[in-house]
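Engineer: First the structure, which I've put down as structure tokens, then a few questions once you've had a look.
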Amino acid sequence: MITKKNLNPNLLRAEYAVRGEIVQRAYELEKEGKKIIYCNIGNPQALKQKPITYVRQLLCLTEYPTLITDPIAKNSFPSDVIEKAKYVLSENPIGLGAYSQSEGMVFIRKAIAQFIKNRDGIESDPTRIIITDGASKAIQSVFTLLMKNSNSGFMTPIPQYPLYSATIELYGAKQIKYYLDEEKHWELNESELESSIKEAKKSGIEPVAIVVINPGNPTGAVLSKENIKMIINFARKHDISILADEVYQENIYSENNKFYSFAKIMNEMKITDVPLFSFHSTSKGFFGECGHRGGYAEIRNLPAEVYEEIVKLQSIGLCSNTAGQIVTYAMVNPPKENEESYDLYIKEKTAILKELKKKAEILAEEINKIKGMSLKSPQGAMYAFVRIDLPDEKGVNLKNMTEKEISEYEAKRDGEYCLRLLEETGICVVPGSGFGQKPHTYHFRMTFLPPLEDIKELVKKLKDFHLKYLKRFE
Ligand SMILES: Cc1ncc(COP(=O)(O)O)c(C=O)c1O
């Protein structure tokens, strides 16, 4: 009989806190009738965000082409969507039930290249774009490509989105952690990057790439142009690739911040010798089409023979799902101003982004009023990484512990905090240790996706809970 002991140890070691133990407990409590406010995961439509009508209409007609010629379609679908569906089917006459090219349908890759050109004012090569089942698959493919052996090191931010640490464990590679600077709104710090790469090399690790998440998950930070330039120069100096995770590029809430893509800045710097893998997704932004698994990687500065290997890798998995490809097409090719579906599209888009901005602001304002909690106001993405002050526990002397023991002890403490929060209030968040945090600091991550009314209720509950929780240390 197979037991856990017979399994791949890399898989057993990998952790993914966003769907971890606390979430399992939340499901149990919900079954028992408790109201749960799920703030653990960036899954907008699971938290009542409505799908964008244009996306679903295009999907509907392309999945069921018979409808296009049915008189019903004329009355129920805007004319531009009907025309677009016809165009999709003319470019892909084999239909959505057939495998597409491994890298994705050619006309969609061309549309992505045009989207990048419109966004950044730079050329993009459709033959260097791969459409994938969400950004996750693209990211994992790049890890497969770059991981030469078990000493290959991937620099990842701390805190980070746990797909990265889990993939590194899964593939048996090495994680090179670099801490983000909480005091400077979670910027990357050059001396921190230098010292972390130096330490890694000293211990025999061979760095191959740096991961940057912009806008940040879990931090909500949006990187400045200067910060991006610094990272590009750093990667060039150390001859490593850049993985630019830009899945939250549409989620910017502060007027003082702007999204700059790595591709644009690299182009401005005229740098052509740093391999760049940029990722985007249909899961985030205002689409929130997580379940449709759409996304892509745009790849620059890679020799043809290397690029061929990533295409081969994609072909081993045949192709990404075709519905996700259509959603990706819808994302990069929205209705134009003179088209029938434009007004509704803009109305829905604006409403979603406006509401997210409002929730981010309310959350930051209210949390910063709570004694013992603080939050760098999220400028982007969909998360708040809330810092909590937990007093020392009596009888515990960290000085007598090893680094590993301290980190386990601290993970236990923020895990305990989040579990109690869930049990007592129904609020489901993820402990900061699931993303990584500086030693001797505690955080939790929550999304601000739930409806506004839930957010208001949640902040009040958070405050009452935190004050009550601290009493145990008096
Ligand atoms: C930073 C970041 N990158 C990638 C992903 C994966 O998204 P996808 O649904 O496109 O696989 C997520 C999902 O939450 C994310 O937060």
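Engineer: Val222: surrounded by 20 or more Cβ atoms within 10 Å (Cβ to Cβ), within 30 Å of Leu353 (Cβ to Cβ), within 16 Å of the ligand (Cβ to nearest atom) and modelled with pLDDT under 95, yes or no?
Structural biologist: Judged against the criteria, Val222 is a match.
Engineer: Turning to a different aspect of this structure: Checking Glu103 against (1) surrounded by fewer than 20 Cβ atoms within 10 Å (Cβ to Cβ); (2) in a loop (DSSP other than H, G, I, E, B): exactly one of these is not met. Which one?
Structural biologist: (1)
Engineer: Follow-up. Hey, among Tyr383, Tyr409, Tyr417, which residue is in contact (Cβ under 8 Å) with a residue 12 or more places away in the chain, of a type in the set (Ser, Thr, Tyr) and closer than 22 Å to Leu467 by Cβ?
Structural biologist: Checking each option against the conditions leaves just Tyr417.
Engineer: Looking at segment 28-46, which of its residues are over 19 Å from Lys460 (Cβ atoms) and either modelled with pLDDT under 90 or within 16 Å of the ligand (Cβ to nearest atom) (or both)?
Structural biologist: Asn40, Ile41, Gly42, Asn43, Pro44, Gln45, Ala46
Engineer: Which of the residues belonging to segment 387-405 are farther than 22 Å from Pro159 by Cα and outside any helix (DSSP H, G or I)?
Structural biologist: Asp392, Glu393, Lys394, Gly395, Val396, Asn397, Met401
Engineer: Test Arg109 against the criterion of being more than 16 Å from the ligand (Cβ to nearest atom), of a type in the set (Lys, Arg) and surrounded by 23 or more Cβ atoms within 10 Å (Cβ to Cβ), and give yes or no.
Structural biologist: For Arg109, the condition - more than 16 Å from the ligand (Cβ to nearest atom), of a type in the set (Lys, Arg) and surrounded by 23 or more Cβ atoms within 10 Å (Cβ to Cβ) - is met.
Engineer: Let me confirm something: among Tyr383, Tyr417, Tyr409, which residue is over 18 Å from Asn43 (Cα atoms), of a type in the set (Phe, Trp, Tyr), under 25 Å from the mean Cα position of the chain (by Cα) and assigned by TED's automatic domain parsing to the domain that holds Asn40?
Structural biologist: Tyr417
Engineer: Output the number of the condition that Glu183 fails; it satisfies all remaining conditions of (1) under 23 Å from the mean Cα position of the chain (by Cα); (2) farther than 15 Å from Gln437 by Cα; (3) not in a strand (DSSP E or B).
Structural biologist: The number of the failed condition is (2).
Engineer: Here's another thing I want to ask about it. Determine which member of the set Lys137, Lys148, Lys174, Lys201 is free of Cβ contacts under 8 Å to residues at least 12 places away in the same chain and either away from the ligand (no atom under 16 Å from the Cβ) or crowded, with 17+ Cβ neighbours inside 10 Å (or both).
Structural biologist: Lys201
Engineer: Additional query: Please determine, by comparing only the residues of segment 292-340 that are away from the ligand (no atom under 16 Å from the Cβ), modelled with pLDDT under 95 and among the polar types (S, T, N, Q), which one is farthest from Val247 (Cα to Cα).
Structural biologist: Asn338
Engineer: Could you tell me which numbered condition Leu96 fails, if it satisfies all but one of (1) in the same structural domain as Gly285 (by TED's automatic domain parsing); (2) outside any helix (DSSP H, G or I)?
Structural biologist: Going through (1) in the same structural domain as Gly285 (by TED's automatic domain parsing); (2) outside any helix (DSSP H, G or I) one by one, Leu96 breaks only (1).
Engineer: What do you reckon, is Leu170 part of a helix (DSSP H, G or I), within 25 Å of Arg387 (Cα to Cα) and touching a helix residue (DSSP H, G or I) at 6+ places or on another chain (Cβ under 7 Å)?
Structural biologist: no
Engineer: Take Lys270 and tell me if it is on the phi > 0 side of the Ramachandran plot and surrounded by fewer than 18 Cβ atoms within 10 Å (Cβ to Cβ).
Structural biologist: yes
Engineer: Still on this model: Here is a list: Ile240, Ile168, Ile210, Ile158. Which entry is under 21 Å from Glu268 (Cα atoms) and within 19 Å of the chain's Cα centre (by Cα)?
Structural biologist: That would be Ile210, the only listed residue that is under 21 Å from Glu268 (Cα atoms) and within 19 Å of the chain's Cα centre (by Cα).
Engineer: Right, another one. For residues in segment 227-248 being free of Cβ contacts under 8 Å to residues at least 40 places away in the same chain and surrounded by 21 or more Cβ atoms within 10 Å (Cβ to Cβ), which is farthest from the ligand (Cβ to nearest atom)?
Structural biologist: Here the answer is Ala235.
The values are calculated or read from the model by the stated rules, or taken from the named source; none is laboratory data. Fair warning: this is a prediction, and the values are worked out from it, not measured in the lab. Neighbour counts are summed over all protein chains in view; Cβ atoms, including those assigned to glycine, are modelled from backbone coordinates with ideal geometry.
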